[in-house]
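The values are calculated or read from the model by the stated rules, or taken from the named source; none is laboratory data. Please read these numbers as outputs of a predicted model, since none were measured by experiment. Cβ placement follows ideal geometry from the backbone for every residue including glycine, while neighbour counts extend to all protein chains displayed.
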Amino acid sequence: MAVAPWIVTDELWELVGPLLPKKERRFRYPGRKRLPDREALQGILFVLHTGIAWQHVPGELGFGSGVTCWRRLDEWQRAGVWQELHAVLLARLRAAGELEWSRAIADSSQVQAKKGAPRRARARWTEAVPAPNTTSSSTDAGSRSPSLSRAATATTSPS
């Protein structure tokens, strides 16, 4: 039987669970009990897999509200959980010899763009004298629109 991709297996939870920050409940005025982290993670994975809006996460699935999942995602992002998880997963794949570097892509989400990079040079002219701009040239006679020209307004205006 196929398992839904947003269900967190015990093996995955063993990797993710220790990376999550622990939130202690206040002793005085504890408020509502916090949604367990595993259910929140499943809600996050559900939204990422289905593309559903956060506010439309069905409560029947047991993931809590979509807003709760979104807040937990933000909290974990600020704590650096995803970066640590990425490093842990890469280390496991590297140890197992499962990394296929010929299919790897590096973009700005993995490699930081340096702020001190040299600026690109301006494009040089290919002609000695640039051609006139044909898309926005000024006219002495006014607007090019026939409905707004002087001749059109003189014939249509009441006397």
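For region 125-142, the criterion of being among the charged types (D, E, K, R), at pLDDT 70 or above, more than 23 Å from LEU12 (Cα to Cα) and part of a loop (DSSP other than H, G, I, E, B) is met by at least one residue.
Taking (1) within 30 Å of GLU14 (Cβ to Cβ); (2) modelled with pLDDT under 70; (3) of a type outside the set (S, T, N, Q) in turn, GLY116 satisfies each apart from (1). In region 25-47, the residues that are within 22 Å of GLN77 (Cβ to Cβ) reach residues that are of a type in the set (S, T, N, Q) with C-beta atoms within less than 8 angstrom, at least six apart or across chains, in these pairs: LEU35/THR68; ALA40/THR68; GLY43/THR68. When region 12-24 is filtered for residues that are among the charged types (D, E, K, R) and within 15 Å of GLU75 (Cβ to Cβ), the ones remaining, listed by number, are LYS22, LYS23, GLU24. Restricting to region 8-60, give me the number of residues that are on the phi > 0 side of the Ramachandran plot and at pLDDT 90 or above. Looking only at that region, the number is 1. Taken together, GLU84, GLU60, GLU75 contain a single residue that is charged (D, E, K, R), farther than 19 Å from LEU15 by Cα and not in a loop (DSSP other than H, G, I, E, B), which is GLU60. Residues in region 55-107 that are surrounded by 11 or more Cβ atoms within 10 Å (Cβ to Cβ), among the hydroxyl-bearing types (Ser, Thr, Tyr) and without any contact (Cβ under 8 Å) to a residue 12 or more places away in the chain: SER65 alone. Scanning region 1-54 for residues that are surrounded by 14 or more Cβ atoms within 10 Å (Cβ to Cβ), among the aromatic types (Phe, Trp, Tyr) and not in a helix (DSSP H, G or I) turns up just one, TRP6.
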